[in-house]
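Asker: The structure is given below, and queries will be raised subsequently.
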Amino acid sequence: MFSNLTERLSKSLRNIVNKGRLTKENIENTIREVRKALLEADVTLSVIKTFIKNVSQKSIGSEINKSLTPGQEFIKIVRNELIIAMGEQNNDLNLSIQPPAIILIVGLQGVGKTTTVAKIAKWIQNKYKKKILVTSTDVYRAAAIKQLEVLSNQININFYSSNINQKPIEITEKAIKHAKLKLYDILIIDTAGRLHINDTMMNEIKEIQILSKPIETLLVVDSMMGQDAINMAKVFNEYLSISGIILSKTDSDSRSGIALSMRYITGKPIKFIGTGEKLTNLEIFNPERMADTILGMNKVISIIKDIEEKINKSNIQNLSKNFKKGHDFNLNDFLIQIKEIKKMGGLNYFIEKFSSNKMIANNPLLGGNNKNDLNKIEAIIYSMTIQERNNPIIIKGSRKRRIALGSGTQIQDVNKLLKNFDNMKKIMKKIKNNGIGKIIRNIKNILPKNF
């Protein structure tokens, strides 16, 4: 979604990032290029005007953080202004109400409302473990009701059946009664797509909102719409007083300005973004992470997040304690690292994140033609004796043949594993000698060079 804007901003900021000091002249030249980048991304003019004004005022004559260069300080200012434009605080769903909490999903035709209903239901189910019911009031689009029924079955969410012969207000009323009777925690109501200039349809959905009294009224906006989305959101908000926005299709090659404009213009928070077609491809909108994406820093941020969530910290802590006691890194330790990498998605995870980064591509642990050989590595290590795992140096010709036969691999696979192990051992030796803190501080080596 942000590839074009990221590329333009990278070019704009490149000339200032290594400057020894910030001057009015180099700031103004850079800001002029930033303005062009935002215009090309289809950001609303009023947003650009405020953004540029704030960046200029905070840059010229600003005090420089001792840990940053002037160029880095400027980028920090740009990042902070991006966060402010998109909304400084992340907004989760408000479900604090006597059950059933009702969520009303609205929007234009073709923006992905029905799929979004299923995504939200799945997200709530995973996070809150609530009893959820979904229903459709879209009696105008052929197979709309059936589509939601199929999607709800895929994610094991209960569906309240309706048909095209019913009126939307009737479906709403009956669904609410059923949700109360069956003690559902949450009812999510899908509505028909409607043009914001169609007063009859807008009045219909207003009636549904008045009847259902939703705790959340969420407007689904196609991120590819551009400036038209702003006017549409204004009208929906005037009719319904929406509580938040969901950006769909953010995985598309859109111009991305809508994400920077929507919060500022409407005053409503962007609560979720749809990041793909799968029903699990829904994320809470995080302005800080989005700013990092725009500035090309999202890869490192997402890796850090995955490490925090998926890596078994006790394994790492035990390994660290062993190092302090003089323990020498062996193949058992290597096996632990392989299992942790698998939790994060395997070698492909790193290769896809840093496919354009030479340091990663040329790393013998992560490079090569075979990107999915972690299972093979495990099989080879499991075919070794305890003595061989603890002291790999003893693995020679006959042992290699036996290990290859036992693991269903070739001798060259065993040789490759041992070579990779030696490289990992060197890395672990550096960690042991220099401390993990120093290694982490060097993470800048895998950040985009321009930053």
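The values are calculated or read from the model by the stated rules, or taken from the named source; none is laboratory data. Source: prediction; values computed, not measured. Quick reminder, even Gly has a Cβ in these numbers, built from the backbone with ideal geometry, and neighbours come from all protein chains shown.
Asker: Looking only at residues in the range 33-83 that are exposed (fewer than 14 other Cβ atoms within 10 Å of the Cβ) and in a loop (DSSP other than H, G, I, E, B), which one is modelled with the highest pLDDT?
Answerer: So the residue we want is I60.
Asker: Only one of T275, T280, T293 is modelled with pLDDT of 85 or more and more than 20 Å from G193 (Cα to Cα). Can you tell me which?
Answerer: So the residue among T275, T280, T293 that is modelled with pLDDT of 85 or more and more than 20 Å from G193 (Cα to Cα) is T280.
Asker: Pick from the range 266-293 the residues that are of a type in the set (S, T, Y) and outside any loop (DSSP other than H, G, I, E, B): which of them is farthest from D251 (Cα to Cα)?
Answerer: Among residues in the range 266-293 that are of a type in the set (S, T, Y) and outside any loop (DSSP other than H, G, I, E, B), the one farthest from D251 (Cα to Cα) is T266.
Asker: If E88 passes every condition in (1) outside any loop (DSSP other than H, G, I, E, B); (2) at pLDDT below 90; (3) acidic (D, E) but one, which one does it miss?
Answerer: (1)
Asker: Can you tell me which residue is surrounded by the fewest Cβ atoms within 10 Å (Cβ to Cβ) among those in the range 234-260 that are at pLDDT below 80 and of a type in the set (S, T, Y)?
Answerer: It comes out as S252.
Asker: A further question follows. For the range 385-405, name all the residues that are part of a helix (DSSP H, G or I) and among the β-branched types (V, I, T).
Answerer: Once the filter is applied, which keeps residues that are part of a helix (DSSP H, G or I) and among the β-branched types (V, I, T), the range 385-405 yields I386, I393, I394, I403.
Asker: Among the residues in the range 107-129, are any over 24 Å from the mean Cα position of the chain (by Cα) and among the basic types (K, R)?
Answerer: No, the range 107-129 has no match at all.
Asker: Can you tell me how many residues within the range 168-202 are free of Cβ contacts under 8 Å to residues at least 24 places away in the same chain and closer than 15 Å to L240 by Cα?
Answerer: Within the range 168-202, residues that are free of Cβ contacts under 8 Å to residues at least 24 places away in the same chain and closer than 15 Å to L240 by Cα number 4.
Residues checked against (1) among the aliphatic types (A, V, I, L, M); (2) modelled with pLDDT of 80 or more:
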| position | (1), (2) |
| --- | --- |
| A404 | yes, yes |
| V414 | yes, yes |
| I427 | yes, no |
| K444 | no, no |
| K449 | no, no |
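Asker: Looking at L211, L219, can you tell me which residue is assigned to a helix (DSSP H, G or I), under 27 Å from P99 (Cα atoms) and either at pLDDT below 85 or among the aliphatic types (A, V, I, L, M) (or both)?
Answerer: L211
Asker: Hey, could you check the range 142-158 for residues that are within 20 Å of Q109 (Cβ to Cβ) and without any contact (Cβ under 8 Å) to a residue 40 or more places away in the chain and say which is surrounded by the fewest Cβ atoms within 10 Å (Cβ to Cβ)?
Answerer: Once the filter is applied, the top-ranked residue is A142.
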